[in-house]
């Protein structure tokens with residue numbers, strides 16, 4: 001019992017640190033090496049999504065744009081937080097980076113990490129995302145990519161979200177939205 005309480009304490013501490021410290025880091029990777037590392041992780045994440053749900057490949061081709069976040073970390077004990085970074089593509093071309101932040105309040109405990117793929121149906125939803133006007137709760141609208149199969153999926157208000165769980169467990173009945181910050185690629 002003591003071991004379980006200790007482990008729970010570590011998870012909660014990590015979650016609170018994530019919620020309070022992750023928000024100060026920049027959206028864009030700061031060095032060419034970190035940009036290359038992000039690109040490698042994004043490419044690997046895209047491959048994992050396509051393998052988990054083959055329908056994703058055709059959805060990505062037909063989407064106006066998409067954002068790929070290789071790892072979103074969450075942690076919570078009543079108050080929760082999440083943070084993740086990724087790349088944004090418009091009509092198949094890398095146009096910038098994004099950062100996801102989220103705070104939630106409610107009955108929740110634990111920690112987990114997952115990958116997230118957000119598809120934008122048209123230029124209007126893509127523009128809203130780039131302007132920071134896209135706030136939504138992926139828990140409410142996400143399709144779990146690990147479910148496999150070729151089932152049909154539908155956009156909700158021009159956005160389609162896929163989540164691929166990687167590790168951890170989180171029980172929650174919380175209210176909170178994901179907020180995104182976009183940073184365009186710098187011209188050379």
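A few points about this structure:
- Rg and Dmax [Cα atoms of segment 34-108; Å; Rg one decimal, Dmax integer]: 14.4, 40
- Förster-model FRET efficiency, 25 Å R0, residue 39 and residue 62, C-beta, rounded to 0.05: 0.60
- Sites residue 31 and residue 186, calculated FRET efficiency, Cβ-Cβ separation with R0 22 Å, nearest 0.05: 0.95
Where a number appears in this text, it was derived from the coordinates with a stated rule and is not lab data. In this text the structure is predicted, and so the values were computed from the model without any measurement. Neighbour counts run over all protein chains shown; Cβ positions are idealised from the backbone, glycine included.
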